[in-house]
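Read the structure below first, then the notes.
The values are calculated or read from the model by the stated rules, or taken from the named source; none is laboratory data. Keep in mind the model is a prediction, meaning the values are calculated, not measured. No Cβ is skipped: glycine too gets one built from the backbone with ideal geometry, and neighbour counts run over all protein chains shown. When the accessible area is computed, the model is the full protein with side chains, heavy atoms only, and any ligands, DNA or RNA have been set aside. Shrake-Rupley method; radii C 1.70, N 1.55, O 1.52, S 1.80 Å.
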Amino acid sequence: MDSITQMVLGGAVGEATLGKKVGNKAVLYGMIAGTIPDLDVVANFLTDTITAIELHRGVSHSVFFALIMSPVFGWLVNKLERKKNLGWKPWARLFFWGLLTHAVLDAFTTWGTQLFWPFDLRLAYNTIFVIDPMYTVPFLIFLVLAMFNKRGSGIRSKLNWTGIGISSGYLLLCVLLKWAAFSKFENALETQGIEYKEMSTRPAPFTTVLWNANVDTEQDYLIGDYSFFDNKPITFTPFAKDRLLSREFSERPNVKRLIKISEGWYIIDKRDGQWHFNDLRFGLIPKRDGSFSFAFSYLLTEEDGKIMATEDPKTREDAAYLMGQLWERIKGD
């Protein structure tokens, strides 16, 4: 999830863990705990694109990291807050839950987390977009209201737990909405007589009203969307896999790494004489000319005998047009 959401979650967890003893300082350190796992983005500046993608939401988003690092952070904060005289264990407990809940929340997104690192398993439930105001805004309001009440008061605790309850309830609702959307896509494929191997569904950006589906067939990937306000049947757009044409690249070690990252949902195509790796898991971005581009696409180039990947840039114009189209599509066909 986005940084603000993770800070709100961390702050609420900090308040629930240690708020009665240290008040708003628990919220502050909880927010810090909720931010720490995402510091793995520094890899973007220290290594190549493929390695940075592999590291993102890896070890820093694991139970192992929470167990190992929470005593370290607890000891450091206890040194800074010696006047509180709490000892390191209460602070360590705050950091453990702050770090762990960050990773668990991210597991509900499309990118997922390696919660059980070092095991090679990434949990991605695909039930909530990385930015969802319906999750964050109510949570933030109740946390702020709690912070303006006296430390240890019953109303402060109730407000904080109300925010936690509402946000957790919304996560559960997202799971139910995913099941309902999946059923709609499944019925549409059956009605249209489409045979498929696998289907993956996820919410569109900023909403759980509109859902996207990737469908794996023998020759093509089918991509479709469904709004709970739709009246028309679901339609699917085919994208050819063209595995034979891209075999030259798909056998290269670094491209195999990208294929693993994409969990097999990929297309390698040639545009304007250059090869691109498209990760299908994150859907399409509509263009003003009526065409589409994949949300995550990487230019493949060869350097010193190795394939290197560079993410295709996104523009503000693309984002602005996407938001307008997204709103229209949410309202239904």
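Beta bridges from DSSP with both residues in the chain: antiparallel share about 100 percent, rounded to the nearest 5.
Considering all different alpha carbon pairs of region 101-260, the Kirkwood hydrodynamic radius works out to 18.5 Å. Counting only residues at least eight positions apart within a chain, or on another chain, the lysines with an alpha carbon under 30 Å from that of Lys25 are Lys79, Lys83, Lys84, Lys89, Lys150, Lys158.
With a/c under 1.5 counting as rounded, go ahead and sort region 87-168 into rounded, prolate or oblate using the C-alpha gyration tensor (a ≥ b ≥ c being the square roots of the eigenvalues; past the cut-off, prolate if a/b is larger than b/c, else oblate). In terms of gyration-tensor shape, oblate. All C-alpha to C-alpha distances of the chain, sorted into 10 Å bins beginning at zero, yield P(r) values of 5, 22, 29, 24, 13, 6, 1 percent in whole numbers.
For the residue pairs Lys184/Lys241; Lys260/Lys306; Lys256/Lys306; Lys197/Lys331, the alpha carbons lie more than 23 Å apart in Lys184/Lys241; Lys197/Lys331. The heavy atoms of Glu303 present about 100 square angstrom of accessible area, all protein chains included, probe 1.4 Å.
Using heavy-atom solvent-accessible surface (probe 1.4 Å) with all chains present, what is the largest-first order of Thr315, Thr51?
Values: Thr315 70, Thr51 35 Å².
Per-residue accessible area, sorted high to low, gives Thr315, Thr51.
State which stretch of the chain is the longest one without any exposed chymotrypsin sites (Phe, Trp or Tyr not before Pro), exposure meaning a DSSP loop state and at most 12 other Cβ atoms within 10 Å. Numbers along the way, then the final one.
Working: sites that count: Phe119, Phe148, Phe229.
It runs 1-118.
Ile32 exposes around 70 Å² of accessible area when a 1.4 Å probe is run over every protein chain in place. Computed over protein heavy atoms with a 1.4 angstrom probe, the accessible surface ordering of Arg151, Arg329, Arg316, Arg122, largest first, is Arg316, Arg151, Arg122, Arg329.
Please compute the Kirkwood hydrodynamic radius over region 31-99, one decimal place, Å, based on all pairs of different Cα atoms.
Hydrodynamic radius (Kirkwood, Cα only) of region 31-99 equals 12.9 Å.
Skip the ligands, DNA and RNA, and give the accessible area per residue of region 205-294 with a 1.4 Å probe, whole Å².
Values: 4630 Å² over 90 residues.
With all protein chains present, region 205-294 gives 51 Å² per residue.
Kyte-Doolittle cut-off -1.0, length cut-off 24 Å along the helix's own axis using Cα: show which whole DSSP H helices in the chain pass.
Values: long enough: 3-22 (26 Å, 0.58); 63-80 (25 Å, 1.64); 88-106 (27 Å, 0.43); 154-191 (55 Å, 0.48).
Going by DSSP H runs, the hits are 3-22, 63-80, 88-106, 154-191.
For Lys21, the aspartates and glutamates whose Cα comes closer than 18 Å to its Cα, not counting residues fewer than 8 places off in the same chain, are Glu81. Per the Kirkwood formula applied to alpha carbons, region 223-269 shows a radius of gyration over Rh ratio, Rg over Rh, of 1.19. Only protein heavy atoms count here; under a 1.4 Å probe, Leu171 has an accessible surface of about 20 Å². Per residue, region 1-69 exposes 41 Å² of accessible surface when a 1.4 Å probe is rolled over the protein heavy atoms with every protein chain present. Expressed as a fraction of 2.2 N^0.38 Å, the C-alpha radius of gyration for region 1-135 is 1.06. Of the accessible area of region 172-248, computed with a 1.4 Å probe over protein heavy atoms only, carbon and sulfur atoms account for 55 percent.
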